[in-house]
Amino acid sequence: MIAGWPQHSVQAMDQPGDVTFYLDPGMLQSAREGRHNFLALLAKAVTNAGLRPCYTDNSEAARTASAQRPGFALFHMEDPVHPRALTLRRSYFYPFWQIETSARRWEWQVALAEFDAATIDPAEATRFAGFWRKRLFPGATVPPVPHGPVYVPMQGLIRQHRSFQSCSPLEMVARTAERFPDHDVIVTLHPNETYTPADQAALQEVERRYAHVNVSNRDMTACLNACQLVVTQNSSVALAGYFFHKPAVLFGQVDFHHIAGNIPRDGEDAAFARWRDPRPYDAYLWWFLQDRSINAGRPPAEAVDKIARVLRGHGWPV
């Protein structure tokens with residue numbers, strides 16, 4: 001709990017100055033007790049503006065009902081359902097966060113912004129990336145691996161072609177294998193996804209068709225250290241790979257597309273054409289995480305000020 005900062009419960013809501021946080025059970029409890037650092041900073045920002053933070057569960061019914069309440073709403077990882085609502089979501093790594101008008105990352109302001117490495121202090125970018133590389137991935141190495149495999153981290157629903165994807169994940173593996181016939185292609189499955197017997201059979205068929213494709217349970221850090229390229233739909237592994245100075249080709253829409261080959265943006269041939277070109281990885285990480293996200297690990301006054309600026313940018317009276 002941050003000493004001296006008011007804590008509020010869900011009681012006596014429905015006032016025009018209320019800001020209601022819709023949270024899953026673990027976050028709800030820690031927010032009410034003031035133990036969640038980012039939510040405490042967010043509560044401080046709205047309290048400073050004369051608004052009152054309140055907390056409730058993140059059920060669909062509660063979110064739908066919020067449209068009929070006065071005041072403002074913040075949904076954790078859910079699409080806002082009315083103009084006075086925003087979504088909040090971790091920007092992949094703690095303590096970085098985003099507050100946005102859409103739950104779809106490819107619609108976020110950072111996704112639509114232009115990245116220009118020339119505007120970023122290279123020394124500060126190197127320091128920032130080095131600090132967080134050591135903090136997040138202490139086993140990371142950054143020298144290139146010219147003869148390493150192509151690393152394809154998979155997500156869920158691997159046989160489906162969803163709207164934000166240029167093809168299904170399984171088709172992505174096949175297309176990658178055909179582009180890299182002389183390189184090993186290492187495919188890994190997401191540990192928190194469920195893969196059906198039909199999914200497993202389809203993966204085995206891809207392995208049979210392409211002798212250089214191997215479905216592996218190798219650790220992400222080991223794969224990123226060993227590979228020369230990451231190919232994925234929009235897995236956060238590609239963003240993590242920037243800490244390892246590994247290029248990426250993305251088959252799906254996402255917010256961290258700027259220095260990657262991106263098939264929805266560029267087309268497939270163009271996305272793969274220049275993957276060996278140098279990339280400003282450290283400058284991009286500083287821009288994406290420090291400049292374009294909310295770093296809740298910064299001094300509280302600085303973090304609260306940035307949260308307030310973000311909320312004002314979305315039209316809130318903060």
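The values are calculated or read from the model by the stated rules, or taken from the named source; none is laboratory data. Please read all numbers here as calculations on a predicted model, not as lab measurements. Because the Cβ atoms are built from the backbone with ideal geometry, glycine has one as well, and the counts that use them run over all protein chains shown. Protein only, heavy atoms only, side chains kept; ligands, DNA and RNA dropped before computing areas. Shrake-Rupley method; radii C 1.70, N 1.55, O 1.52, S 1.80 Å.
Hey, what angle do you get for helix 197-209 against the long axis of the chain, alpha-carbon based, 0 to 90 degrees rounded to 10?
Computed tilt is about 40 degrees.
Let's see if you can work this out: charge +1 on each Lys and Arg Cβ, -1 on each Asp and Glu Cβ, no other charges. What is the dipole magnitude of the chain about its Cα centre, in debye to the nearest 20? Intermediate results must be reported in sequence, preceding the final value.
Details: 32 positive and 32 negative charges, 119 e Å.
Computed charge dipole of the chain: roughly 580 debye.
From the residues Ile263, Met172, Ala123, which one has its Cα farthest along the dipole of the chain in the positive direction, the dipole being from +1 and -1 charges on Cβ of Lys/Arg and Asp/Glu about the Cα centre?
The listed residue farthest towards the positive side: Ala123.
Applying 1/(1 + (r/R0)^6) with R0 = 45 Å to the Cβ-Cβ distance of Glu178 and Thr101, what FRET efficiency is obtained, to the nearest 0.05?
According to the calculation, E is roughly 0.70.
What shape does the range 204-277 have by the C-alpha gyration tensor, where a ≥ b ≥ c are the square roots of the eigenvalues, rounded means a/c under 1.5, and otherwise prolate means a/b greater than b/c and oblate the rest?
Details: a/c = 1.83, a/b = 1.26, b/c = 1.45.
Cα axes put the range 204-277 in the oblate bin.
Mind pulling the angle between the C-alpha long axis of helix 122-136 and the longest principal axis of the chain? Nearest 10 degrees, somewhere in 0 to 90.
The two axes meet at around 90 degrees.
Per residue, how big is the convex hull around the C-alpha atoms of the range 139-252? Give it to me in cubic angstrom, could you?
91 Å³
If I histogram all Cα-Cα distances within the range 239-318 using bins 5 Å wide from 0, what percent of pairs lands in each bin?
Binned Cα distances yield the sequence 3, 14, 19, 17, 15, 11, 10, 8, 3, 0.
Taking the Cα centre of the range 191-256 as the origin, how large is its charge dipole in debye, to the nearest 20, when only Lys and Arg (+1) and Asp and Glu (-1) carry charge on their Cβ atoms?
220 debye
Carbon and sulfur together cover what percent of the accessible area of the chain at a 1.4 Å probe radius? Please list the in-between numbers first.
Working: 7360 of 14420 Å².
Here it works out to 51 percent.
In whole Å, what are the extents of the range 32-95 along the principal axes defined by its C-alpha atoms, from largest to smallest?
30, 30, 20
Check His190: other-chain or 5+ apart residues with amide H under 5 Å from its amide H, H built from backbone geometry?
Residues meeting the amide H criterion: Met154.
Let me see the P(r) profile for the range 1-145: every Cα-Cα distance counted, bins of 5 Å, each bin given as a percent of all pairs.
Answer for the range 1-145: a P(r) of 2, 9, 15, 18, 17, 13, 10, 8, 6, 2, 1, 0 percent.
Tell me, what is the Rg over Rh of the range 182-318, with Rh the Kirkwood radius over Cα pairs?
Ratio value, two decimals: 1.07.
Could you provide, to the nearest whole Å², the per residue accessible area of the chain with probe 1.4 Å?
Roughly 45 Å² per residue, with all protein chains present.
Can you give me the convex hull volume of the Cα atoms of the chain, divided per residue and expressed in Å³?
Normalising the Cα hull of the chain by residue number yields 142 Å³.
Classify the range 64-181 from the C-alpha gyration tensor, please: rounded if a/c falls under 1.5, else prolate or oblate depending on whether a/b exceeds b/c.
Oblate, because a/c is 1.5 or more while a/b does not exceed b/c.
Quick one: which residues, 5 or more positions from Leu86 or on another chain, have an amide H under 5 Å from its amide H? H modelled 1.01 Å from N in the peptide plane, none for Pro or chain starts.
Here the answer is Ala73, Leu74, Phe75, since their amide H atoms fall under 5 Å of that of Leu86.
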